[in-house]
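Participant: Sharing a structure here in structure tokens format.
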Amino acid sequence: MKKVTKRINVRYGETDQMGVVYHANYIVYFEDARTAFIESLGFPYKGLEDAGYLSPVVSVTCEYGAPLHYGDEACVVVWVDKLTKAKVTYRYEVYASEDAVGVAKPNAKGESVHCLVEKDTFRPVNMKTASPGLYRAYEAALAEGE
């Protein structure tokens, strides 16, 4: 399966009083990585919006390990784990540095599930028929390396 790594410089404003990244910011990091992933497929999120679609979150989970700190260069690895006509599931692993990717235990890991909806009505659509190019790109990303 295709994996994309998104580098994120941890900013001071993303940390809490304990000097570690505030827990909710990991979800923001997931979203940054997801956006980079779909762009790598040739489908910038802005293009989806311009075509009349949005991809809202259906669910999101995050498990935390060792904390990230101000000044770390977080690396978020993202890939598509599951695809149906209605939903796509992304998996994420967050590391404190690029050197730690795949070597160390992730600082955080999680998943998010998204659907595709009409922008104007927010009605869910069948991704395979509404955006066949995107659906095929997801299928190819799942099959990559098999």
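Participant: Between helix 132-143 and the chain, what is the angle of the helix's C-alpha long axis to the longest principal axis, kept within 0 to 90° and rounded to the nearest 10?
Facilitator: With both axes taken from Cα atoms, the answer is about 50 degrees.
Participant: What is the stretch 69-146 by shape, rounded, prolate or oblate, if you read a ≥ b ≥ c off the alpha carbon gyration tensor as root eigenvalues and call it rounded for a/c under 1.5, prolate for a/b larger than b/c, and oblate otherwise?
Facilitator: On the way: a/c = 3.32, a/b = 1.94, b/c = 1.71.
Prolate, since a/c reaches 1.5 and a/b exceeds b/c.
Participant: Expressed in nm to one decimal, what extension gain is obtained for the pair ALA143 and GLU39 from 0.36 nm per residue of sequence separation less their Cα-Cα distance? If you can, show how the numbers build up before the last one.
Facilitator: Numbers: separation 104, 0.36 × 104 = 37.44 nm, distance 1.78 nm.
Contour length minus the Cα-Cα distance gives 35.7 nm.
Participant: So for the chain, averaging the separation of alpha carbon pairs under 8 Å that are six or more residues apart and normalising by length, what relative contact order in percent results?
Facilitator: Details: 282 pairs, mean separation 42.8, N = 146.
Normalised by residue count, the contact order of the chain is 29 percent.
Participant: Please give the helix 25-40 orientation as an angle from the longest Cα principal axis of the chain, in degrees from 0 to 90, rounded to the nearest 10.
Facilitator: Approximately 50 degrees, to the nearest ten.
Participant: What does the C-alpha gyration tensor say about the overall shape of the stretch 22-117? Classify as rounded when a/c is under 1.5, otherwise prolate if a/b is larger than b/c, or oblate.
Facilitator: Values: a/c = 2.10, a/b = 1.87, b/c = 1.12.
Here the stretch 22-117 falls in the prolate category.
Participant: Note down the net charge around ASN9, summing +1 for each Lys or Arg and -1 for each Asp or Glu among other residues with Cβ under 14 Å from its Cβ. Don't jump to the answer; show the numbers that get you there.
Facilitator: Working: positive: LYS6, ARG7, ARG11; negative: GLU14, ASP32, ASP72, GLU73, GLU98.
Residues near ASN9 contribute -2 overall.
Participant: Mind checking the full-extension length gain between ASN126 and LEU83? Use 0.36 nm per residue of separation minus the Cα-Cα distance, one decimal, nm. Write down the numbers at each step before the final one.
Facilitator: Working: separation 43, 0.36 × 43 = 15.48 nm, distance 1.17 nm.
Extending this stretch completely gives an extra 14.3 nm.
Participant: Leaving ligands, DNA and RNA out of it, work out the accessible area of LEU116 with a 1.4 Å probe and give it in Å² to the nearest 10.
Facilitator: LEU116 has an accessible surface of roughly 0 Å² with all protein chains in place.
Participant: Related question: Which of the trypsin sites (Lys or Arg not before Pro) across the stretch 1-85 are loop residues per DSSP, with 11 or fewer other Cβ within 10 Å? Write out the running numbers ahead of the final one.
Facilitator: Details: sites: LYS2, LYS3, LYS6, ARG7, ARG11, ARG34, LYS46, LYS82, LYS85; in loops: LYS2, ARG11, LYS85.
The qualifying sites are ARG11.
Participant: In addition: Answer with one residue from LEU142, MET18, THR84: the one whose Cα lies farthest towards the positive end of the charge dipole of the stretch 15-146, charges on Cβ with Lys, Arg +1 and Asp, Glu -1.
Facilitator: THR84
Participant: Quote to one decimal, in nm, the extra length available between HIS69 and VAL28 on full extension: 0.36 nm per residue of separation minus the C-alpha distance between them. All intermediate terms of the calculation are to be shown ahead of the outcome.
Facilitator: Details: separation 41, 0.36 × 41 = 14.76 nm, distance 1.54 nm.
Length gained between HIS69 and VAL28: 13.2 nm.
Participant: Excluding ligands, DNA and RNA, what is the solvent-accessible area per residue of the stretch 47-146 at a probe of 1.4 Å, expressed in Å²? Intermediate results must be reported in sequence, preceding the final value.
Facilitator: Working: 5280 Å² over 100 residues.
Ligands and nucleic acids excluded, the result is 53 Å² per residue.
Participant: Let me check against my output: what whole-number percent is the relative contact order of the stretch 69-138, with C-alpha pairs under 8 Å and at least 6 apart? Before the final figure, lay out each step's value.
Facilitator: On the way: 110 pairs, mean separation 18.7, N = 70.
RCO, the stretch 69-138: 27 percent.
Participant: To continue, here is another question. Which value in deg cm²/dmol, rounded to the nearest 500, describes the helix-derived mean residue ellipticity at 222 nm for the chain, given -39,500 (n - 2.57) per DSSP H run of n ≥ 4 and division by the residue count?
Facilitator: Details: 4 runs with 38 residues, N = 146.
The per-residue figure over the chain is -7500 deg cm²/dmol.
The values are calculated or read from the model by the stated rules, or taken from the named source; none is laboratory data. Everything quoted here is computed from the prediction, not taken from an experiment. All Cβ positions, glycine included, derive from the backbone under ideal geometry; neighbour counts span all protein chains shown. We work out accessible area using only protein heavy atoms, side chains counted, and drop any ligands, DNA or RNA first. Shrake-Rupley method; radii C 1.70, N 1.55, O 1.52, S 1.80 Å.
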